[in-house]
Amino acid sequence: MNELERWEGRFAAPHYIFGEAPNYFLVSCQDLLPSSGRVLAVADGEGRNGVWLAGLGLDVVSLDFSPTAQKKAAELAARAEVEMEIIQGDVHDWEYPPDTFDVVVEIFTQFSSPDQRARKWAGMKRCLKSGGLLILQGYTPKQLDYGTGGPKKLENLYTRELLAANFGDLSDLSIIEEEVEADEGTSHSGMSAVINLTARG
């Protein structure tokens, strides 16, 4: 089973597997967000984060490779009475047009291998406008002890050193590790070890 087949199977559940509410860290960054502009939500899945961003009046591109998830994202957007552009594409090989987005958001997209991750992150940085905002959250290796979501492979998890090496050339870099009680659907539930990053292009 490849990754698309695996995620199609997960997203086929009748409920929203990560819930319908936006990620708490993304919400905590609201004061950093512009009042208008284009946003790229990377691997936005069932759309909880993209829909919330669109509700703030931002012009959102919700990118994911799962048509099943995107159908649910479109339904969530319709219920919230917001519009966002939903694009089906592989986050590792998408074009990431240069200097296009005022905000790039990546929340828990840790199914990437190290090589895939490098391509994805290079693309995310490329498409971020000068002065644009990058928001990223992922699990740290300590998450393997909790087992409350995320990948089971150590190489897919994020460390401060990894993030600093890849995003240290951006300005206003902030990297914070924390342990929190997650309540994001059935797939992210319980004590979790996460790492949060914000930076400017």
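The values are calculated or read from the model by the stated rules, or taken from the named source; none is laboratory data. Given the structure is predicted, the values throughout are model-derived calculations rather than measurements. FYI the Cβ positions are ideal-geometry reconstructions off the backbone, even for glycines, and counts take in every protein chain you see.
In the range 99-117, how many are modelled with pLDDT of 95 or more and either hydrophobic (A, V, I, L, M, F, W, C) or closer than 19 Å to residue 60 by Cβ (or both)?
Final tally of qualifying residues: 9.
What residue, of 27, 51, 39, is surrounded by 21 or more Cβ atoms within 10 Å (Cβ to Cβ), β-branched (Val, Ile, Thr) and farther than 18 Å from residue 121 by Cβ?
Sole residue among the options that is surrounded by 21 or more Cβ atoms within 10 Å (Cβ to Cβ), β-branched (Val, Ile, Thr) and farther than 18 Å from residue 121 by Cβ: 51.
Give me the pairs, please: first residue somewhere in the range 72-84 and over 15 Å from residue 61 (Cα atoms) and surrounded by fewer than 19 Cβ atoms within 10 Å (Cβ to Cβ), second residue anywhere and of a type in the set (Val, Ile, Thr) and modelled with pLDDT of 95 or more, beta-carbon distance under 6 Å, and either six or more positions apart or on two chains.
Going by the 6 Å Cβ cut-off, the qualifying pairs are 80/51.
Can you name every residue in the range 1-30 that is in contact (Cβ under 8 Å) with a residue 60 or more places away in the chain, assigned to a helix (DSSP H, G or I), within 29 Å of residue 98 (Cβ to Cβ) and over 12 Å from the mean Cα position of the chain (by Cα)?
Those that are in contact (Cβ under 8 Å) with a residue 60 or more places away in the chain, assigned to a helix (DSSP H, G or I), within 29 Å of residue 98 (Cβ to Cβ) and over 12 Å from the mean Cα position of the chain (by Cα): 3, 4, 7.
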